[in-house]
Amino acid sequence: MPNLFDLPRPFFPNPVFAWVWIGLLMTATGIAAYTDTKRAKVPNLLVVITLAVGLVVNVVRGAWQVRVGHPTWLFGGTENVWLGGLDGFLLGLIGFAVAFGAFFLLWILGLVGGGDVKLFAAVGGWVGWLHILFTWMLSVVVLILWALGKIIANGLRPRQVHSAVKKLQKAEETARAEAAKAGGSKKMRITYSFPIAVAVLVLSLWSHRVELTIVPPKTPAQPTGATPNDPPTPEPAK
């Protein structure tokens, strides 16, 4: 029975594909973080390309998984390559829908900008629904640490803390001004692009550390006194 609450293991057909997958995703989120930091805007074209490439890559990954005999997310150990491709597409599509829904609620509350919603949804098309929730939680941690780091770097005296907070708000002034002109919410918005990029990198490297050959796979425990070259102990005849 497929486990809908986790990714299939292994998730990639080979380590090269895994590194290409992460490289493409990090390139997209890195560009989004850069443009958002510089211009307080995530280009719509970048978001569309990120989502489209993510869905295509997941379709290729799912089909390739079947070709090499790896399990899929929804269809288990199917031998149908087309089902493998469909499996990858559905994983990305559901991840996109969950990510969009979660951040759309935050957008309605005036806590994030529209660019954050679109970028987060596009990333969901790569990592799937459960991992996008983990990415969200980790991005909040990154955001808090980033803000604390800015405050500590500027000192902890009241005047210095106030100065650090003002610097953090500058990146949001353009977005708030545009929202006010359009009659939107004037609440403080948080730019998530950089924390999302960091969270995606950390979570991807950690979740797929074995497939990326960052760490060796676990080997089965050997019986006491046995060596790796010992022949297996025959079972007693019944």
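Tabulated results
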{"read-out": "Rule-of-thumb Rg ratio for the stretch 1-109 [Cα; 2.2 N^0.38 Å; N residues]", "value": "1.20"}
{"read-out": "Solvent-accessible area of residue 137 with every protein chain in place, 1.4 Å probe, in Å² to the nearest 10", "value": "110"}
{"read-out": "Label-to-label distance, nm, for residues given as residue 26 and residue 108 (7 Å Cα→Cβ offset)", "value": "3.6"}
{"read-out": "Probe 1.4 Å, protein heavy atoms only - accessible area per residue of the stretch 4-124 in square angstrom", "value": "47"}
{"read-out": "Kirkwood hydrodynamic radius of the stretch 63-108, Cα pairs, Å", "value": "11.5"}
{"read-out": "Accessible surface of the stretch 31-121 [probe 1.4 Å, protein heavy atoms]: carbon and sulfur percent", "value": "75"}
{"read-out": "Residue 207 accessible area, assembled protein chains, probe 1.4 Å, Å²", "value": "20"}
{"read-out": "Exposure of residue 209 as accessible area (Å², to 10), given a probe of 1.4 Å and all protein chains", "value": "80"}
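The values are calculated or read from the model by the stated rules, or taken from the named source; none is laboratory data. None of the values given here were measured: they were computed from a predicted structure. Here Cβ is always computed from backbone atoms with ideal geometry, including for glycine, and neighbour counts include all displayed protein chains. Calculation scope for accessible area: heavy atoms of the full protein, side chains included, ligands and nucleic acids excluded. Shrake-Rupley method; radii C 1.70, N 1.55, O 1.52, S 1.80 Å.
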